[in-house]
Each structure stands twice: as structure tokens, then as C-alpha cells.
1. How many residues does the stretch 51-71 hold that are over 15 Å from the mean Cα position of the chain (by Cα), of a type outside the set (Gly, Ala, Ser) and over 16 Å from Val25 (Cα atoms)?
2. Would you please list the contacts, defined by Cβ atoms under 6 Å and residues six or more apart or on different chains, that run from a residue in the stretch 55-75 that is within 12 Å of Val13 (Cβ to Cβ) to a residue that is surrounded by fewer than 21 Cβ atoms within 10 Å (Cβ to Cβ) and of a type in the set (Lys, Arg)?
3. Which residue out of Val20, Val39, Val25, Val11 is out of contact with any Leu (no Cβ under 8 Å at 6 or more places or on another chain) and over 13 Å from Ala77 (Cβ atoms)?
4. Condition test on Lys67, is it within 16 Å of Leu42 (Cβ to Cβ), of a type in the set (D, E, K, R) and surrounded by 10 or more Cβ atoms within 10 Å (Cβ to Cβ)?
5. With the requirement that a residue be touching a strand residue (DSSP E or B) at 6+ places or on another chain (Cβ under 7 Å) and of a type in the set (S, T, N, Q), what does the stretch 82-128 give you?
6. Being surrounded by 13 or more Cβ atoms within 10 Å (Cβ to Cβ) and under 16 Å from the mean Cα position of the chain (by Cα) is the filter here; which residues of the stretch 30-48 pass it?
7. When you check Phe117 against the structure, is it over 18 Å from Met29 (Cβ atoms), of a type in the set (Phe, Trp, Tyr) and surrounded by 11 or more Cβ atoms within 10 Å (Cβ to Cβ), yes or no?
8. Does the stretch 3-16 contain at least one residue that is within 26 Å of Phe96 (Cα to Cα), polar (S, T, N, Q) and either in a loop (DSSP other than H, G, I, E, B) or free of Cβ contacts under 8 Å to residues at least 24 places away in the same chain (or both)?
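The values are calculated or read from the model by the stated rules, or taken from the named source; none is laboratory data. In this text the structure is predicted, and so the values were computed from the model without any measurement. In this analysis, Cβ positions are derived from the backbone assuming ideal geometry, glycine residues included, and neighbour counts consider all displayed protein chains.
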Amino acid sequence: MRLRVLLPTHVEVDEEVSKVIVETVHGSMCFLPRHLDYVSVLGSGLLSYESDAGETFLAVNDGILVKCGADVSLAVAHAVRGPNLGELRPSMEKTFRELAERDQAAKGALLRLEADFLQRAVQLDEPI
């Protein structure tokens with residue numbers, strides 16, 4: 001079975017695997033090569049897969065999963081890889097916290113731009 005984890009900027013995983021376990025918005029799902037096709041929305045959660053190299057863990061954030069034939073593809077906004085769950089959790093929390101802080105800063109900048117634009121639009125409408 002082929003697993004692909006796609007991010008907006010790069011391909012995080014593209015390899016042959018024997019099993020994929022992922023948390024979807026409908027609960028935890030396990031996929032094996034002969035399972036039926038499936039599509040689901042992903043929130044924040046864990047993905048694990050088994051390959052010749054052993055079991056690998058990823059924390060994923062917001063995306064979609066498509067299992068079609070022998071292919072399992074995930075398109076996600078963010079992913080953090082870890083060798084085991086103990087090391088993945090702190091890394092995941094740090095990365096997702098930094099992303100949330102950047103998102104909050106970007107929203108603040110956008111609000112300031114909107115306020116400045118409205119203030120200038122009102123000034124243009126005032127008589128001289």
C-alpha cells in the first residue's frame with residue numbers, strides 16, 4: 001500500500017507501508033491494503049504507519065484523507081514527524097503553538113490594516 005502525506009510546500013511521506021492508523025473527525029481508522037475506499041476530513045490528530053523501517057508517527061493538522069485502491073493520500077496543512085509518541089507530543093505542541101501565534105499575529109496585522117483603510121476612507125469623504 002502506498003502512503004502519501006502532502007503539505008502545501010512539500011511531500012512529507014511517500015513510501016510503501018503495510019498499515020496506516022489515523023484519527024479522523026469520525027474517530028480512529030485503520031487502513032490495510034485490501035480495505036474499501038474511504039474519504040474523510042481530518043482535524044488535529046495522530047497518524048501512525050508501519051513500513052519496513054518500523055512504526056513511524058506523525059502529528060497532522062487540518063486536512064483530508066483519501067483511500068483509493070492501494071493508495072492512502074493525506075493533504076494536510078501541517079505535519080510533525082516523531083520516532084515515538086513520547087518525543088512527538090512536545091514537538092507537536094511547540095510547533096502547533098508557534099503556528100497559532102503566527103496566525104494570531106497575522107490576524108492582528110490584518111485588523112490594523114482594515115482599521116487604517118477605513119479611517120483613511122472616512123477622511124477622504126470629509127469636506128476640506
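1. Of the residues in that region, 5 qualify.
2. Sorted first by the residue in the stretch 55-75, then by its partner, the pairs are Leu58/Arg81; Ser73/Arg4.
3. Values: Val20 fails: out of contact with any Leu (no Cβ under 8 Å at 6 or more places or on another chain); Val39 fails: out of contact with any Leu (no Cβ under 8 Å at 6 or more places or on another chain); Val25 fails: out of contact with any Leu (no Cβ under 8 Å at 6 or more places or on another chain).
Among Val20, Val39, Val25, Val11, only Val11 is out of contact with any Leu (no Cβ under 8 Å at 6 or more places or on another chain) and over 13 Å from Ala77 (Cβ atoms).
4. Working: within 16 Å of Leu42 (Cβ to Cβ): yes; of a type in the set (D, E, K, R): yes; surrounded by 10 or more Cβ atoms within 10 Å (Cβ to Cβ): yes.
Taking the combined requirement at face value, the residue satisfies it.
5. Of the stretch 82-128, the ones touching a strand residue (DSSP E or B) at 6+ places or on another chain (Cβ under 7 Å) are 82, 84-85, 88, 91-92, 95-96, 99.
Hits for the stretch 82-128 are Asn84, Ser91, Thr95.
6. Ser40, Leu42, Ser44, Gly45, Leu46, Leu47, Ser48
7. Details: over 18 Å from Met29 (Cβ atoms): yes; of a type in the set (Phe, Trp, Tyr): yes; surrounded by 11 or more Cβ atoms within 10 Å (Cβ to Cβ): no.
So Phe117 fails the test.
8. Within the stretch 3-16, the first condition is being within 26 Å of Phe96 (Cα to Cα), and the residues that meet it are 3-15.
In the following step, the residues that additionally are polar (S, T, N, Q) were identified as 9.
Checking the rest, the ones that are also either in a loop (DSSP other than H, G, I, E, B) or free of Cβ contacts under 8 Å to residues at least 24 places away in the same chain (or both) come to 9.
There is at least one residue in the stretch 3-16 that is within 26 Å of Phe96 (Cα to Cα), polar (S, T, N, Q) and either in a loop (DSSP other than H, G, I, E, B) or free of Cβ contacts under 8 Å to residues at least 24 places away in the same chain (or both).
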